[in-house]
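Undergrad: Just dropping this structure here.
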Amino acid sequence: MATDVDLPKRQITPVPVPVLPISVPQKRPLEDDHAPPVSSPLNPNPDVKPNKSQSHDDIAAMTREKPARSKKDTLKKRESKAGAGADSSRATPDPKIKELPPNESSPMRYKLAPPKPSDFEPARGPIFTPHHGIPAPGGSTIQFYETSEHVYNKKSFHYLHCIADPAFPSSFYYRQTEPEPYGAHISFEDAATHMYMDQLGRHITTDKGFRTARANVAVRQGRWYWECKITRGTVNTNADGSIESHGHVRVGFARREASLDAPVGYDAYSYGIRDVQGQKVHMSRPKDFFPPGEEIREGDVVGLEIQLPSEHLHRKVVQGQYNPAVDLLDEDEPTIEAANIVRDRIPIRFKQHIYFEKIDYHTTKELEDLMNPSPAGPSGTIGSRPADKPNPNHQVPALRTLPKSCIRIYKNGVLMGTPFTDLLAFLPPASKPQAQVGAREGMDDGMAGYYPAISVFRGGAAEVNFGPHFWYPPPGYGDADTDGDVDMVDAGGDADTVKVATLTAKGKLDKVRAVAERYDEQIVEDIVADIIDEVDFWMRDGARVIDRTGGRDGKAETTAGIAPGREEIKELVQDD
């Protein structure tokens with residue numbers, strides 16, 4: 001075993017000694033007369049003066065290595081040159097503003113050509129050609145006209161007058177408008193062909209089979225009243241049951257889906273009253289309503305009142321959120337909630353007019369099956385359990401009904417009864433548009449509702465009265481607060497304070513109002529919707545006005561939310 005003496009001694013590893021530089025380079029001292037060889041914005045000194053430590057040869061070499069930059073014009077000069085027609089590439093480009101994508105509830109836009117000068121002119125009504133006259137019950141003569149040079153609502157399209165307005169550039173300058181005659185009346189466009197009217201849209205007749213026309217206003221909530229006087233109709237009913245008449249008339253309410261080539265009450269989208277025996281008609285099923293011996297004859301005035309719940313409750317029903325135990329109590333104090341109106345429409349030309357064209361609401365299979373039920377039943381097996389009747393909580397939105405809704409009928413000022421209750425809901429998704437390109441389900445365009453409707457048959461004629469002065473006003477009409485919902489109240493001696501007492505929402509819905517008042521409301525709603533659409537388009541354009549009209553901006557591109565357009569607005573052609 002080795003001892004400690006035999007072990008080798010450890011040696012220290014030699015470390016090389018670092019070689020230090022003889023001298024550390026020092027920064028060159030900055031002379032007072034120092035200047036950079038090339039001018040810069042921080043040191044604008046184009047004159048290079050030689051200093052003590054630089055020679056002329058060194059300066060020349062540095063100049064060759066770093067050539068001097070050319071001086072650019074200022075921003076104002078470049079912009080002025082671009083505006084004067086100089087090279088616009090030297091001007092500062094516009095900042096790129098991010099355009100917002102279209103919202104789900106935003107209407108569609110279409111790339112259009114610039115408006116024509118005639119598009120800025122007020123909308124015109126139809127051309128009236130005298131057709132025939134009939135004697136009125138009072139001994140006067142009613143002159144009927146054939147209307148022409150206007151479009152008809154048909155083939156699942158709905159048309160509204162529009163006008164070009166410079167205040168709406170983001171909407172391609174078009175907004176909705178109304179032609180004469182102003183006020184509530186029978187619509188010339190929303191009527192079947194071969195119907196004759198007077199120039200005010202109050203009298204109507206036909207020499208064909210049943211034809212229907214709707215009013216130019218729709219009711220969506222509250223209580224509304226209108227009258228219809230039979231100017232030509234049933235004269236007498238003989239003992240043998242034969243009827244002496246000059247024609248027939250039916251009156252009622254109809255939705256947008258209701259057929260105009262059939263009488264009111266023909267389908268599930270309308271409710272009507274027959275002049276024969278005063279029967280009520282819904283889904284083509286007449287049922288006795290007037291007392292025996294009562295009927296509607298020439299000279300009689302039929303009053304129609306409709307009552308609908310608030311739109312707030314209506315939306316709960318169609319969305320499947322209705323709870324009768326809670327919502328009927330909340331209806332006593334309805335919530336003020338604005339409807340989300342989405343209008344997908346495009347301007348079109350028809351002869352000398354320009355209209356907004358939109359896809360109209362169309363019939364649904366569920367209501368067609370309700371009108372013509374299959375003997376096999378809902379499960380497809382004969383003898384199976386019948387389908388559930390329409391109710392507010394039906395699993396199918398189109399078969400949901402509106403709580404506290406009804407239609408009341410008056411004859412010459414006397415209440416005849418309530419023929420219809422629990423009316424079918426009409427707000428989307430209960431109503432659906434025609435399935436085609438550009439149609440979007442679940443969108444409320446503001447035109448869904450129940451319209452006053454009148455049908456005439458082979459010489460039958462009638463006169464409508466939408467108020468405010470009725471032949472037989474209904475009970476409760478014309479009470480206090482009828483002239484307006486705003487009253488000035490004494491402020492208790494304070495001259496600088498004015499209190500405003502407004503009618504509650506519940507009181508407004510419970511009050512019977514003339515359909516003529518609804519026309520004014522509808523005009524306000526259209527104006528507000530036009531402004532909202534314009535602001536929405538403006539925000540989607542990055543809070544700026546962009547000229548995308550085809551004739552004014554050749555480089556305009558289709559962007560988000562704008563559908564490809566055409567060089568000219570489409571020209572519509574309709575056959576009679």
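The values are calculated or read from the model by the stated rules, or taken from the named source; none is laboratory data. The structure displayed is predicted, hence computed values, not measured ones. Every residue, glycine among them, receives a Cβ derived from its backbone with ideal geometry; neighbour counts consider all protein chains shown. What goes into the accessible areas is simple: the full protein's heavy atoms, side chains included, and nothing from ligands, DNA or RNA. Shrake-Rupley method; radii C 1.70, N 1.55, O 1.52, S 1.80 Å.
Undergrad: Through the Karplus equation 6.51 cos²θ - 1.76 cosθ + 1.60, θ set to phi - 60°, convert the phi angles of the stretch 298-304 into ³J(HN,Hα) values in whole Hz; use x for Gly and Pro.
TA: 4, x, 6, 10, 9, x, 10
Undergrad: Here's another thing I want to ask about it. Plugging the Kirkwood radius over Cα pairs into Stokes-Einstein for the stretch 174-333, at a temperature of 4 °C and a viscosity of 1.567 mPa s, what D comes out in µm²/s?
TA: 72
Undergrad: Pull out the extension gain between residue 167 and residue 574, defined as 0.36 nm times the separation in residues minus the alpha carbon to alpha carbon distance; nm, one decimal.
TA: Stretched fully, the residue 167-residue 574 segment lengthens by 143.4 nm.
Undergrad: Run the numbers for residue 374 and residue 435: contour at 0.36 nm per residue of separation, minus the present Cα-Cα distance, in nm.
TA: Answer, rounded to one decimal: 19.6 nm.
Undergrad: Report the full-extension gain for the segment residue 294 to residue 146: residue separation times 0.36 nm, less the Cα-Cα distance, to one decimal in nm.
TA: 49.9 nm
Undergrad: Can you work out the FRET efficiency for the pair residue 418 and residue 458, with r the C-beta to C-beta distance and R0 = 25 Å, to the nearest 0.05?
TA: Plugging the Cβ-Cβ distance into 1/(1 + (r/R0)^6) gives 0.25.
Undergrad: With the crude spin-label approximation of a point 7 Å out along Cα→Cβ, what separation in nm comes out for residue 352 versus residue 199?
TA: 1.5
Undergrad: Put a dot 7 Å past each Cα toward the Cβ at residue 525 and residue 156; how far apart are the dots in nm?
TA: According to this spin-label approximation, the distance is 2.4 nm.
Undergrad: How high is the relative contact order of the stretch 340-461, in percent, with contacts defined as C-alpha pairs under 8 Å that are six or more residues apart?
TA: 23
Undergrad: Okay, moving on. What residues of the stretch 276-303 lie in the reach of a label at residue 472, counting those whose backbone N is under 20 Å from a point 7 Å from the Cα along Cα→Cβ?
TA: 276-281, 288-303
Undergrad: Taking R0 as 41 Å, what's the FRET efficiency between residue 547 and residue 261 from their Cβ-Cβ distance, rounded to 0.05?
TA: After rounding, the FRET efficiency stands at 0.40.
Undergrad: Skip the ligands, DNA and RNA, and give the accessible area per residue of the stretch 105-264 with a 1.4 Å probe, whole Å².
TA: Counting only protein heavy atoms, the per-residue value for the stretch 105-264 is 37 Å².
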